[in-house]
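Report on the following structure.
The values are calculated or read from the model by the stated rules, or taken from the named source; none is laboratory data. Just so we're clear, the structure is a prediction, and the values are computed from it rather than from any experiment. Note: ideal-geometry Cβ built from the backbone for every residue, glycine included; neighbour counts use all protein chains shown. SASA here: full protein model, heavy atoms, side chains in, ligands and nucleic acids out. Shrake-Rupley method; radii C 1.70, N 1.55, O 1.52, S 1.80 Å.
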Amino acid sequence: MTRNIGILGAMAQEIDEVKALLTEKTIVKIANREFVVGKINNVRCVVAFSKWGKVAATITAALLIQEFAVTDLIFIGTAGALADGLKVGDIVISKRLVQHDLDARPIISRFELPLLNRVYVDSDPDLTALAGRAVSNLINKGVESMVGEEAVKEFNLNPTLYFGDIASGDQFVNSIEKRDEILSLLPDVLCVEMEGAAVAQACLEFNTPFTVIRTISDTADHNAHVDFGRFIIEVANAYSRAIINEIMRLV
Ligand code: ADE
């Protein structure tokens with residue numbers, strides 16, 4: 001089957017950089033969302049801004065799957081680090097996704113997805129491995145292959161790639177208390193963001209393979225909002241563009 005890869009990003013500017021990679025573009029608008037259909041390195045792709053939060057991202061993912069018949073879905077964006085040792089500029093690729101704000105106790109256990117009998121949704125192993133090869137190639141080439149030397153110095157970038165659990169919730173986490181609360185309940189989680197687990201649930205229900213790639217933009221503490229904006233503009237956009245380009249080169 002010809003691959004038709006859906007790419008979602010959580011920031012408008014970031015996804016604009018990815019859209020710029022597309023050739024033979026067609027734009028389709030549905031539900032206040034713009035889907036750009038085309039090719040990256042000769043691979044058929046549909047690229048869209050997910051919008052923020054779990055509900056918005058679920059709508060966008062469901063449209064991508066149902067209206068554009070994507071064969072795979074890649075979510076790319078930034079996240080706040082939860083695990084010790086992770087630093088700004090590192091990259092996390094999902095093994096499993098969990099919604100840290102889902103709690104239907106006492107009917108079912110904390111974090112359990114209603115009627116789905118599970119807490120975690122696994123990302124697709126093959127797509128995850130493919131994303132991992134792409135990121136490793138870029139790291140091996142040197143981070144300067146993704147961003148300019150000035151940003152490398154300014155943000156002290158020396159990226160490490162991790163594979164692990166990602167937690168999502170409708171909250172920008174920017175306090176040590178909230179960070180610690182999530183970690184105490186979900187100790188394997190590496191980072192926190194606002195969409196991945198919702199997209200994972202949509203992909204599970206539609207039986208669509210997916211993976212989530214997140215660049216660490218902050219450490220989810222009281223400095224999170226300060227770091228965030230500058231990092232997106234100066235680093236995350238360029239990372240996303242380079243990573244998606246490299247994935248499509250390897251497909
Ligand atoms: N995305 C990037 N940083 C985040 C944070 N600290 N909390 C939630 N989502 C994020």
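When the stretch 77-250 is described by a simple charge dipole with +1 on each Lys and Arg Cβ and -1 on each Asp and Glu Cβ, the residue from 222, 139, 168 located farthest towards its positive end is 139. Shown is the FRET efficiency for residue 154 and residue 223, computed with R0 = 25 Å from the Cβ-Cβ distance and rounded to the nearest 0.05: 0.95. Gain on full extension, evaluated as 0.36 nm per residue between residue 107 and residue 32 minus their Cα-Cα distance, stands at 23.4 nm. Comparing mean-square fluctuations of 103, 227, 165 from a GNM of the chain with C-alpha springs under 10 Å, the top value falls on 103.
The convex hull of the Cα atoms of the chain, projected and averaged over all directions, covers 12.7 nm².
Would you tally the net charge around residue 52, using a Cβ to Cβ cut-off of less than 13 Å, leaving residue 52 out, and scoring K and R as +1, D and E as -1?
Values: positive: 33, 51, 54; negative: 14, 170, 193, 195.
Local charge sum for residue 52: -1.
Dipole orientation for the stretch 173-251: of the candidates 192, 206, 247, 247 has the Cα lying most toward the positive pole (charges on Cβ; Lys, Arg +1; Asp, Glu -1). In percent, rounded to a whole number, the relative contact order of the stretch 77-250 is 39, using alpha-carbon pairs under 8 Å and six or more apart.
Counted by Cβ distance under 12 Å from residue 13, the other residues give a net charge of -2, where Lys and Arg count +1 and Asp and Glu count -1.
Once the 1.4 Å probe is applied to the protein heavy atoms, the chain comes out at 44 Å² accessible per residue. Cα centroid separation, the stretch 106-150 to the stretch 14-54: 20 Å. Using the Karplus relation 6.51 cos²θ - 1.76 cosθ + 1.60 with θ = phi - 60°, the per-residue 3J(HN,Hα) values for the stretch 106-114 come to x, 5, 9, 6, 4, 6, 5, 6, x Hz, with x marking Gly and Pro. Convex hull volume per residue, computed on the Cα atoms of the stretch 82-129, equals 96 Å³. Each other residue within a Cβ distance under 12 Å of residue 174 adds +1 if Lys or Arg and -1 if Asp or Glu, for a net charge of -2. In this structure, the amide hydrogen of residue 218, modeled 1.01 Å from its nitrogen in the peptide plane, lies closer than 5 angstrom to those of 79, 81, counting only residues at least 5 positions away or on a different chain.
Taking the centroid of alpha carbons for each part, the stretch 165-225 and the stretch 65-101 are 7 Å apart.
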